[in-house]
Amino acid sequence: MARIVFFTDIEEGHLFPSFGLANSLRKRGHQVLYIGVPDNEKHIRDQGFDFIPVFTNIYPKGFNERRKQLHKEGRPNITRQRLHFDELISEPFGLFLKNMEANLFVMSTFLNIEALIFYYRFGITPVLYTPLLWETDINILSNCVDEVLKMPQENMSKLIGLTDSLGIKASSFAALLQPLNQFCELILCPEEMETGKRKIENNAYYIEPSISGRKGQGDISLLTEAANGKKIIYASMGSQTVAYGEICHLFFHALLQVMRLEEMRDLHLVLSVGKGKEAQELKPLSNNVSIVPWVSQLDILQVSSLAIIHGGLGTVKECIYYGVPMVVIPIVRDQPGNAKRVVHHRLGTTVQPNDISPATLLHAIQRSMNSQNIQDGILRMQAVFQQKEEAELGAIIIENLLRTATQSSKSRVC
């Protein structure tokens, strides 16, 4: 069996979707471990995987929360600065990778520049996993061109200097980044979630939603007891609550007003407000509301009748997998596109951030919970997701790559 190393970026929303694929590989007998920044350690160990921290002096524990706060304040995206660039290209880091004795590295697509350095500097060809659905005019290569152009000039010069020192000549940045289109890309979502046929590279594959086998990370018994048999509405703006600022404030207060209405007396709200907000600020509460800083999403979704979310693909997939219709409030990044997919496939409704009010939320909640079209749509897509998850296509593709590399004396996977 193979030794497979996952290398993930700092975002929880990019890390969590990898666990289903990693668990599938572990279940099939492979040894799986993770390398990443210290803030990811607890999440990874909670899933039962070994973890080795990297870049510990650059991204000490607590760095991720600081990054979110800077985003809220409108400060530059510190992740894009790639503070670890010098360490990444150093010989000691190459020795560290060699000592991993990995048969394969699986890397987040958002470590695109890092993947190229693995390839050029250390002779490692990784598999990339993509935790989102690209929009029509975007792919791995175009996304990386955008990342390179936003890099500090100093790092861009170092990247060019590195490739020059290795004798690599390219006519343009796009040509220099071209190997990204040669790497195997695993898109962690069934193709059925797309709204139309889109062209992808020959070595890119839509696979399972990568959810099965993940462990919930908390006890929700007190929350289910508080619901006292009522249908549960789960609401959360995800791991970026601090960064969203005023939008979250408006959403929380409007939703709590909705829960005081007579129409909601037979429903119970579990509202996850994030670690950066005190529940005290939202009181007084009606008796059909529970507020928590955090809750195990996998666990609460299994007992929920509706989810009100920001539309990150990871949460959308989890809602589908557990058959939970949605109200999506898209804010940034891929969320607006995912909201359109939710509506297109009849999986729920949307409320735009600039249209948040008790009235719009109440209408969306009632429609998502009571529409037969939406109930049928969520059950249809749930069946697709569960069938794809059981098929374990991602693990099969990786095993085929490993087998091909073993049989060939002229090529290696890594």
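The values are calculated or read from the model by the stated rules, or taken from the named source; none is laboratory data. Bear in mind the structure is a predicted one, so any value in this text is a computation, not a measurement. Because the Cβ atoms are built from the backbone with ideal geometry, glycine has one as well, and the counts that use them run over all protein chains shown.
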Log entry, pairs with first residue in the range 376-390 being assigned by TED's automatic domain parsing to the domain that holds TYR322 and farther than 12 Å from PRO190 by Cβ, second being of a type outside the set (Gly, Ala, Ser) and in a helix (DSSP H, G or I), beta carbons closer than 7 Å, six or more apart or on different chains, reads ILE378/ILE320
Residue count for the range 370-383, restricted to those that are surrounded by fewer than 17 Cβ atoms within 10 Å (Cβ to Cβ) and assigned to a helix (DSSP H, G or I) = 8
Only unsatisfied item for LEU95, checking (1) crowded, with 18+ Cβ neighbours inside 10 Å; (2) among the hydrophobic types (A, V, I, L, M, F, W, C); (3) at pLDDT 90 or above; (4) more than 27 Å from SER212 (Cα to Cα), is (1)
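Are any residues in the range 1-10 outside any strand (DSSP E or B) and within 15 Å of the chain's Cα centre (by Cα), and if so, which ones?
THR8, ASP9, ILE10
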Those residues of the range 24-43 which are at pLDDT below 95 and either touching a Leu at 6+ places or on another chain (Cβ under 8 Å) or closer than 11 Å to PHE6 by Cβ (or both), in sequence order | GLY36, ASN40, HIS43
Could you grab the pairs with beta carbons closer than 9 Å, sequence gap of 6+ or different chains, first residue in the range 38-60 and on the phi > 0 side of the Ramachandran plot and outside the structural domain of HIS14 (by TED's automatic domain parsing), second one assigned to a helix (DSSP H, G or I) and surrounded by 17 or more Cβ atoms within 10 Å (Cβ to Cβ)?
-> none
State which residue is farthest from the chain's Cα centre (by Cα) when the search covers only the range 87-101 and only residues that are assigned to a helix (DSSP H, G or I) and among the aliphatic types (A, V, I, L, M).
-> LEU95
Scan the range 222-274 residue by residue and report those that are over 17 Å from ILE308 (Cα atoms), at pLDDT below 85 and either touching a Ser or Thr at 6+ places or on another chain (Cβ under 8 Å) or of a type in the set (Val, Ile, Thr) (or both).
-> VAL242
Checked the range 105-140 for anything aromatic (Phe, Trp, Tyr), in a strand (DSSP E or B) and under 25 Å from ALA339 (Cβ atoms); matches are TYR129
How many residues of the range 132-187 are touching a Leu at 6+ places or on another chain (Cβ under 6 Å) and without any contact (Cβ under 8 Å) to a residue 40 or more places away in the chain? The answer is 2
